[in-house]
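Engineer: Provided herewith is a single structure, encoded as structure tokens, for subsequent inquiry.
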Amino acid sequence: MTTRKLRRLILPVTLTLLIILSVGLSVYIWTNPSRYEHENKVSTASSSSTLATRTIDDIYLPTQLVHTDSAGKQTLLINKNVSLVSQFKTQISQWHATSIVKVRVTSAKSYEALLNGQDSYVLNFPDSVTVAMFNTIFNQNLKNYRSSEFSRVVIPVNDTDHLYLLNDSKHQIYSVRLEKKSLKMMRKVLQAKKVTAIAVKMTYEGNTTYLDYTQPVTMQHYSYLMNEQSASQLANRLLDSDGNSSVSVRTHNGEQIYTTGAFKRMTVNNKLGTVYFEDYSDSGDTRQISFTTQLQKSYSHLVNLGVPMDNIRYYGYDTTSSSVIYRSYVEGFPIFNQTENGDVRIQMTSNGLDRYYFSLDSLQVPVPTTGKQTAVTLPSSTTVLKQLVSAGYKDNKIGSIELGYQWSQNKSSKLVIDLTPTYYVYYNGAWRTYTSMLNES
């Protein structure tokens, strides 16, 4: 047997074994507490399983590392084996932030000058966080401006005493004075590890920073075994945390509705694999909580949901619905289409009502893919924008163009999820792939 034929045989066999293992685990789960879903009223036992969680500082880490060299050339740095952002977190946590002051900024142009300053690194958050969260993430203890918001950390290479926190929406800059600042460890990481540099350009326009991909981008295609949470175990966790409640279940319009008393309700859409949970038990609390508290409390709710957190990161905050949004990531790129919105949403209203929306499905372990599927080359985001405008889409209605992964079920196996790299465009209040927009024009 030739080497080529042997390789072709190994991949299907490996995939088959992984699928068999996943089926076995799924059968074990399905044949246990999930059986009560067919009954009208049940008394559940509290789930005693220990959930693997990630700490709050990991969930709220920045997702992008951008380097600007001495000539002003910018690149997005990624490493398939090591999280460069996590490495920077370790480095910054060893520094000592002694004070923070607000810098007087006279114009958006001066703000952009610091954003794109030569010889610097920029850590980009997907959306705003607070200085208090900066303390949590990077193990610091800044006492002033704790409620002030920012979404970028600028680290000048040649400034040994400072880093800067930038707020796009109001082009505000906060200067953080440092002791023990050193980039020696990061230089070793960037030199010793295999780092991919993707050509980008950060543009500040209309109180928003856009990350443009200035050249065609080649990204990997991935496939994962899918993990599906048991609705019954989820009901145990969310509706019967003390083990003493009686949970009722009924079916309405193809959805399963679990309730306990008059305060908690969980609706499972089996067709979409989504869960909508409402908790009225704190509805008497009408206090307005701070943004920092919302971020902290939503993390606690995320842990209680039992959503596998290996790939979960903070994605943003929806001011309209007061919802903290989380999304799965691969190599620093967000995954879309896992649910209608492609995300986990945790809403905390001013009257104490909590609502959660998330998917039963999550990624488990990667599976081998064939050579033809491993890489996809996409055009530059500049080219994508020109194509959309030429197709009749209004430039002023096109928001962010984001490089990410499209979640779709594998055609050969329902247990496998394919992640295909593509551009997502925020248009008319929704995320859509650029190819679907062009096909509809």
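Engineer: Not counting ligands, DNA or RNA, and with a 1.4 Å probe, what is Trp431's accessible surface area in Å² rounded to the nearest 10?
Structural biologist: 70 Å²
Engineer: May I ask for the net charge around Val157, where only other residues with Cβ less than 15 Å from the Cβ of Val157 are counted and Lys, Arg are +1 while Asp, Glu are -1?
Structural biologist: Summing Lys and Arg as +1 and Asp and Glu as -1 gives +1.
Engineer: Rule-of-thumb check for the stretch 166-274: C-alpha Rg over 2.2 N^0.38 Å?
Structural biologist: Taking N as the residue count of the stretch 166-274, the ratio is 1.91.
Engineer: Show me the trypsin sites (Lys or Arg not before Pro) within the stretch 333-441 that DSSP assigns to loop and that have at most 14 other Cβ atoms within 10 Å of their Cβ.
Structural biologist: When the trypsin sites (Lys or Arg not before Pro) of the stretch 333-441 are filtered for loop state and at most 14 Cβ neighbours within 10 Å, Lys394, Lys411, Lys414 remain.
Engineer: Could you check the simple spin-label distance between Glu331 and Asn141, using points 7 Å along Cα→Cβ, in nm with one decimal?
Structural biologist: Here the modelled spin labels are 4.1 nm apart.
Engineer: I'd like the carbon and sulfur percentage of the solvent accessible area for the stretch 152-304, probe radius 1.4 Å, heavy atoms only, ligands and nucleic acids excluded.
Structural biologist: 45 percent
Engineer: Moving on to the next point. Considering amide H positions built from the backbone, and no H for Pro or chain starts, which residues 5 or more places from Tyr393, or on another chain, come under 5 Å of its amide H?
Structural biologist: Correct list: empty.
Engineer: A further question on this structure: Just to confirm, what accessible area per residue do you get for the stretch 61-195 at 1.4 Å probe, in whole Å²?
Structural biologist: 46 Å²
Engineer: Do you know the relative contact order of the stretch 374-430, to the nearest whole percent, from alpha carbon pairs under 8 angstrom that are 6+ apart?
Structural biologist: Normalised by residue count, the contact order of the stretch 374-430 is 34 percent.
Engineer: For Lys188 and Glu278, what does the FRET efficiency come to when R0 = 60 Å and r is the distance between their Cβ atoms, rounded to the nearest 0.05? Don't skip to the end; give the middle numbers.
Structural biologist: Values: r = 50 Å, r/R0 = 0.83.
Rounded to the nearest 0.05, the efficiency is 0.75.
Engineer: Students sometimes get this wrong: rank Ser441, Ser412 by accessible area, probe 1.4 Å, all chains present, largest first.
Structural biologist: The ranking, largest first, comes out as Ser412, Ser441.
Engineer: Residue-wise, which Karplus ³J(HN,Hα) couplings in Hz belong to the stretch 67-81, taking 6.51 cos²θ - 1.76 cosθ + 1.60, θ = phi - 60°, and x for glycine or proline?
Structural biologist: Couplings: 10, 10, 8, 5, 9, x, 6, 10, 9, 8, 9, 9, 9, 5, 9 Hz.
Engineer: Could you check the simple spin-label distance between Thr435 and Lys386, using points 7 Å along Cα→Cβ, in nm with one decimal?
Structural biologist: 2.1 nm
The values are calculated or read from the model by the stated rules, or taken from the named source; none is laboratory data. Just so you know, these numbers come straight off a predicted model, no measurement behind them. Positions of Cβ are backbone-derived with ideal geometry, glycine not excepted, and every protein chain shown enters the neighbour counts. Ligands, DNA and RNA are excluded from the accessible area calculation, which covers all protein heavy atoms including side chains. Shrake-Rupley method; radii C 1.70, N 1.55, O 1.52, S 1.80 Å.
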